[in-house]
Amino acid sequence: FNPVTYIQYSIPNYEYVTVEIINIKGQSIRTMLQQPHQPGSYVTMWDGKNEEGRVVPSGIYFYRMRSSNYISTKKLVLLK
C-alpha cells in the first residue's frame with residue numbers, strides 16, 4: 001500500500017478489540033485501537049506511521065486483531 005491502507009473487520013458480539021501493527025521482527029509499531037465494539041463492521045486506517053508519528057520504512061508488516069476469543073494476523077507490504 002502507498003500511502004495508506006484500510007483494515008476492515010467485523011465483530012459478531014460485543015467485544016473489547018485491539019488492532020496493532022507489527023514489524024517483521026515481531027515488535028509492535030503502532031496500536032491502532034484498543035476499545036470495546038458493538039456488533040458490526042468497522043474500518044481503521046494505517047498511514048504508515050509509528051506511535052511517535054514517524055513514517056516507517058518500506059517493508060513487510062503485519063496487523064494483528066485480538067478480542068476475547070479471536071486472534072488474526074495478516075500481512076501488509078508498505079511500498080514507497
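Some points to look at:
- Per-selection Kirkwood Rh - the chain (Cα, Å, 1 d.p.): 13.0 Å
- A simple count of charges around residue 70, restricted to other residues whose Cβ falls under 12 Å of its Cβ and scoring Lys, Arg +1 and Asp, Glu -1, yields +1.
- For the chain, averaging the sequence separation of C-alpha pairs within contact (under 8 Å, six or more residues apart) and dividing by the residue count gives a relative contact order of 35 percent.
- Rolling a 1.4 Å probe over the protein heavy atoms gives the chain an accessible area of 64 Å² per residue.
- Accessible carbon and sulfur surface of region 1-45 relative to its total accessible area, %, 1.4 Å: 48 percent
- Loop-exposed chymotrypsin sites (Phe, Trp or Tyr not before Pro) per DSSP, neighbour cap 14 Cβ within 10 angstrom, longest uninterrupted part of the chain: 15-80
- The residue among 70, 16, 60 whose Cα reaches farthest toward the positive pole of the charge dipole of the chain, with charges on the beta-carbon of Lys, Arg, Asp and Glu, is 60.
- Ordered from highest to lowest accessible area with the whole protein assembly present and a 1.4 Å probe, 7, 60, 71 read as 71, 60, 7.
- Dipole magnitude of the chain about its Cα centre (Cβ charges: Lys, Arg +1; Asp, Glu -1), debye to nearest 20: 280 debye
- The GluC sites (Glu not before Pro) of the chain that DSSP puts in a loop, and whose beta carbon has at most 14 other beta carbons within 10 Å, are 51, 52.
- GNM flexibility winner over the chain from 66, 30, 54 (Cα, springs under 10 Å): 54
- Here's how it looks for residue 17: its modeled amide H is under 5 Å from those of 35, 37, which are all 5 or more places away or on a different chain.
The values are calculated or read from the model by the stated rules, or taken from the named source; none is laboratory data. It should be emphasised that the depicted structure is a prediction, and the values quoted were computed from it without experimental measurement. Ideal geometry is used to build each Cβ from the backbone, glycine not excepted, and the neighbour counts take in all protein chains shown. Side chains included, ligands, DNA and RNA excluded: accessible areas come from the protein's heavy atoms. Shrake-Rupley method; radii C 1.70, N 1.55, O 1.52, S 1.80 Å.
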